[in-house]
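Taking it in order: structure first as structure tokens, then the write-up.
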Amino acid sequence: MEGEATYRGTVYPWHCDHIGHMNVMWYVGKFDEANWNMFARLGVTPTYLRESGCAMAAVQQTISYKHELLAGDIVEVRSRLVDFRDKSLRILHEMRNAETGEVAATCEISAVHIDRAARKSVPFAPAIRYAAMHHLVPSVSATV
């Protein structure tokens with residue numbers, strides 16, 4: 001998968017479970033960090049969220065585990081914005097072992113833009129819609 005690099009990090013020993021590979025909670029965390037990097041590229045920055053009273057809420061996340069990661073492995077996540085709508089978006093992430101190039105996992109997440117006070121979905125600002133069009137790479141689902 002092509003896409004933009006949205007996360008780079010290392011698997012530390014405390015990320016590993018009783019079988020010796022990175023535990024699922026850390027995959028979710030690394031994909032979450034990739035989400036925030038992708039959001040920022042669209043203009044959904046911490047400043048925007050504070051000033052607008054809006055937030056992003058995950059409504060669906062599907063992770064497919066392909067190859068284990070071990071302590072010491074270097075991880076890279078590449079991401080693509082695959083769907084953008086008035087009030088929601090969908091991002092496809094691919095996590096690889098940066099040394100071997102093997103795909104460790106994929107994650108597809110759908111998120112909704114919400115008004116924090118009203119707790120309801122609201123349209124993205126025009127500037128965010130404009131930025132999103134430059135990042136949009138329509139694709140099939142990662143879960144095939």
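Bear in mind these aren't lab numbers, they're just calculated from the coordinates by the rules spelled out. All values derive from a computational prediction rather than experimental measurement. Heads up, the Cβs are rebuilt from the backbone with ideal geometry, glycines too, and the neighbour counts pull from every protein chain shown.
Here are the numbers for the structure shown:
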{"item": "Mean projection area, nm², convex hull over Cα of segment 1-43", "result": "3.7 nm²"}
{"item": "Among ILE91, ILE74, PHE124 - extreme Cα towards positive end, dipole of the chain, charges at beta-carbon", "result": "PHE124"}
{"item": "Amide H partners (placed H, <5 Å) of ALA98, local residues excluded", "result": "ILE74, VAL75, GLU76"}
{"item": "For the chain, calculated [θ]222 nm from helices alone, where every DSSP H run of n ≥ 4 adds -39500 (n - 2.57)", "result": "-7500 deg cm²/dmol"}
{"item": "Whole-Hz couplings from phi, Karplus 6.51/-1.76/1.60, listed for segment 40-54; x for Gly and Pro", "result": "4, 5, 8, x, 8, 9, x, 5, 4, 5, 5, 6, 8, x, 9"}
{"item": "Spacing of the two label points (7 Å from each Cα toward its C-beta) at SER52 and ILE19, in nm", "result": "4.0 nm"}
{"item": "Rounded to 10°, Cα long-axis angle of helix 126-135 versus longest principal axis of the chain", "result": "40 degrees"}
{"item": "Inter-part distance where segment 33-64 and segment 82-144 are each reduced to a Cα centre, Å", "result": "9 Å"}
{"item": "In sequence order, calculated HN-Hα J values of segment 109-117 (Karplus, 6.51, -1.76, 1.60; Hz; x Gly/Pro)", "result": "10, 10, 9, 10, 7, 10, 7, 5, 6"}
{"item": "Unit Cα scatterers, Debye sum, segment 70-140: log10 I(q)/I(0) for q = 0.17, 0.20, 0.21 Å⁻¹", "result": "-0.72, -0.84, -0.88"}
{"item": "Spherically averaged projected area of the chain from its Cα convex hull (nm²)", "result": "8.9 nm²"}
